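Enquirer: A single structure is presented below for examination.
The values are calculated or read from the model by the stated rules, or taken from the named source; none is laboratory data. Since the model is a prediction, treat every value here as computed from it, not as a measurement. With ideal geometry, Cβ positions are generated from the backbone for all residues, glycine too; neighbour counts draw on all protein chains shown. Only protein heavy atoms, including side chains, enter the accessible area calculation; ligands, DNA and RNA are left aside. Shrake-Rupley method; radii C 1.70, N 1.55, O 1.52, S 1.80 Å.
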Amino acid sequence: MMSKLFRKKSVDQILIDAQEGSGLSKVLGVRDLVSLGIAAIVGAGIFSTIGLASFEGGPAISLLFVFTAFACVFTALAYAQFASTVPVSGSAYTYAYVAFGELFAWIIGWALVLEYAVSNTVIAISWSQYFCSMLEGFGIHIPGWLSMAPAYAIEAHDKYLAEGMSALSIADKAGLEAYLSAPRIGDIPIIFDFPAGLITVLVTWLVYVGIKESQRASNIMVMIKVGIILAVIIGGVFFIKPENWSPFAPNGVKGVLRSVAAVFFAFIGFDSISTTAEECKNPQRDLPRAMIWCLIICTVLYVAITLVLTGMVHYTELNVKDPLAFVFKYVGFDHMAGIISVTSVIAITSALLVYQLAQPRIWMTMSRDGLLSKKFARIHPKYKTPSFATIVTGLVVAVPSLFFKMDFFVDLTSVGTFFAFILVCAGVLYMDHSGLSKKSKFKVPYINGKYLVGLGFVAACFVLFYYGQDVINEWKSLSALYIIEHKSLTILFWLVWIVLAGMAYKFNFSLLPVMGILVNLYLMTELGASNWIIFLIWLAIGLTVYFVYGYKHSKLNKKVEAN
């Protein structure tokens, strides 16, 4: 049974299966891919979570964007090598099938649902907030009970009963009003986020009718939002007060790292363009180029916008859902704030579009391998898109976006994505060791890590011992139970580094993929334990589905039985 769980697909077999099963239109060039990548990355992150991140870490959050981009570069190089070797639509799922076998491929495919479908729920909810704010500017009011998750209203009502009206914030008062004014079935108020569900349905329809139509819409929206971001940066420079940058890191390193999930969420999506590989004119050449260009462009935009925002307004004022519009209202430039509100709706729509493109193509590839029902691989005869998978994705995103709070999903999305990124980086090490890299048209630049990985570990221990006494003393004060519950990943990080140092010495591992593994794993340690518990539950559900259906129906399994 163990041999069956870790059976691998050859690169040649994957390419043959893709050629036989594909009816997708090859219309995307490198510019289209860069546009789709920017559409995915420059979305809800820069228009919403960047405010919360700045509030937590101050102006120094700009450095966290650089550090996170640094981590993503290593991962992007690994994705680029895989994309040039296996140019099919499965993204990290397919790459894991080649490197680690079927069980890991399934786990990654299941985790990618968190990256694409679940994160799109966050984006849809964020879109709804900006959309309602934009309509308010035109004098149109959507009732609160029709534009928020039930939990917001219920929590506000409970807080009102416990602490009184004086304890309520502006957001709490809006929630209380929604609770009191909502229509009811018996004593149960009817409250849901209608705009979030509606935009998901509309974007799903656009994705359903064709990749060319989706690409055109994405290109237009990207041009608009990049233009307005540049206008914010250029216009905001004239309102910067340098004293707002002092202190630069008011809450220290902990305050900066507290925003890892929010900042990393802003970068999620650069890998989504790898899911369009079968719709690229020249995927082996264009995908690697597009990924690197996306990261460079978006990192520059993120760092610049963070410095401008924290320079215009003191970081303590940025705990808002629409920070770009807020800062211009704050300095009295209401006209610009109104333009940003409209543009934000367009920007977030483009991100929603790319994720709705990505998820069906993951499921389509899994279906081809027999791990999901054949319906998920069905290609529409007219529109040349994975029709059934697209509809299911629309339902998976739309229904939760109607009823759930946004913050429930942000960290959970990051957990699934970190997990996928680490395995892709590890996959490159396997490709190098097994000789598969010879088939790669793009390779991660090789730097021999034989000694460097181990020396890095020694240097890190030295820095921790001489400059991290506060951290060491904190650990000494923690109970064993607390360490097990909340610090297990940190211990795992150091253990993995030791193992990688030994393996790098033995196998001459390439340094950059190793750094990708370690940086992503370190960022994972900053996420809360509750998110890992939910992720493990999600993983258990996925494994149940695999053993009930996928294990038996796998095409590799059928080939083994036939032989």
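Enquirer: Divide by every residue of the chain the summed helix terms, -39500 (n - 2.57) for each DSSP H run of at least 4, and state the resulting mean residue ellipticity at 222 nm, rounded to the nearest 500 deg cm²/dmol.
Expert: Calculated mean residue ellipticity at 222 nm is -22500 deg cm²/dmol.
Enquirer: Please list, ordered by chain and number, the residues whose modelled amide H lies under 5 Å from the amide H of Leu28; skip anything fewer than 5 residues away on the same chain.
Expert: When sequence neighbours closer than 5 places are left aside, the close amide H contacts are Cys280, Lys281.
Enquirer: So between Ile533 and Leu168, what do we pick up on full extension, going 0.36 nm a residue minus the alpha carbon distance?
Expert: 128.3 nm
Enquirer: Listed here are the pairs Lys26/Lys375; Lys241/Lys405; Lys8/Lys487; Lys281/Lys555; Lys443/Lys555; Lys212/Lys375; which of them are more than 32 Å apart at the Cα?
Expert: Those over the limit are Lys241/Lys405; Lys8/Lys487.
Enquirer: Expressed as a rounded percentage, what relative contact order does region 282-410 have, with Cα pairs under 8 Å and six or more residues apart?
Expert: 12 percent
Enquirer: What number, in percent, do you get for the relative contact order of the chain if the mean sequence gap of Cα pairs under 8 Å and at least 6 apart is divided by its residue count?
Expert: Relative contact order, the chain: 29 percent.
Enquirer: Treating only the Cβ of Lys, Arg, Asp and Glu as charged (+1, +1, -1, -1), what charge dipole size does region 444-563 show about its Cα centre? Round to the nearest 20 debye.
Expert: Around 620 debye, computed over region 444-563.
Enquirer: Now for a separate question. Report the label-to-label distance for Phe192 and Ser479 in nanometres (one decimal), using points 7 Å from each Cα along the Cα→Cβ vector.
Expert: 4.4 nm
Enquirer: Using the basic label-point model (7 angstrom from Cα toward the beta carbon), what is the Glu243 to Ile16 distance in nanometres?
Expert: 7.3 nm
Enquirer: Another question about this same structure. Could you pull out every residue, at least 5 positions away or on a different chain, whose amide H is within less than 5 Å of the one on Leu372? Hs are placed 1.01 Å off N in the peptide plane, and Pro or chain starts have none.
Expert: The answer is Ser367.
Enquirer: What ³J(HN,Hα) values, in whole Hz, does the Karplus curve 6.51 cos²θ - 1.76 cosθ + 1.60 give for region 356-363 when θ = phi - 60°, with x put for Gly and Pro?
Expert: Using θ = phi - 60°, the values come out as 5, 6, 6, 4, x, 6, 5, 5 Hz.
Enquirer: On the accessible surface of the chain, probed at 1.4 Å, how many percent belong to carbon and sulfur atoms?
Expert: 68 percent
Enquirer: So how far, in whole Å, is the C-alpha centre of region 70-85 from the one of region 448-527?
Expert: 22 Å
Enquirer: Would you kindly state how much longer the chain becomes between Lys450 and Ala540 on full extension, computed as 0.36 nm times their sequence separation minus their alpha carbon distance, in nm to one decimal?
Expert: 28.7 nm
Enquirer: Let me ask something additional. Given a Förster distance of 30 angstrom, what is the FRET efficiency for Asn319 paired with Tyr467, based on the Cβ-Cβ distance and rounded to 0.05?
Expert: 0.45
Enquirer: Taking amide hydrogens as modeled 1.01 Å from N in the peptide plane, which residues meet the under 5 Å criterion relative to Ser147, leaving out close sequence neighbours?
Expert: Those qualifying (amide H under 5 Å, at least 5 residues apart or on another chain) are Phe192, Phe194.
Enquirer: If you roll a 1.4 Å probe over the heavy atoms of the protein chains, what accessible area per residue do you get for the chain, in Å²?
Expert: Value for the chain: 42 Å² per residue.
Enquirer: What shape does region 149-294 have by the C-alpha gyration tensor, where a ≥ b ≥ c are the square roots of the eigenvalues, rounded means a/c under 1.5, and otherwise prolate means a/b greater than b/c and oblate the rest?
Expert: Because a/c hits 1.5 or more and a/b fails to exceed b/c, region 149-294 counts as oblate.
Enquirer: Determine how large the accessible area of Glu155 is when every protein chain is in place; take a 1.4 Å probe and give Å² rounded to the nearest 10.
Expert: That residue has around 90 Å² of solvent-accessible surface.
Enquirer: So how much slack lies between Trp205 and Lys552, counting 0.36 nm per residue of separation and subtracting their Cα-Cα distance, in nm?
Expert: Full extension of this stretch gives 121.6 nm more.
Enquirer: Continuing with this model, one more query. How many nm separate the modelled label positions at Ile297 and Leu495, each set 7 Å beyond the Cα in the direction of the Cβ?
Expert: Inter-label distance under the simple model: 4.3 nm.
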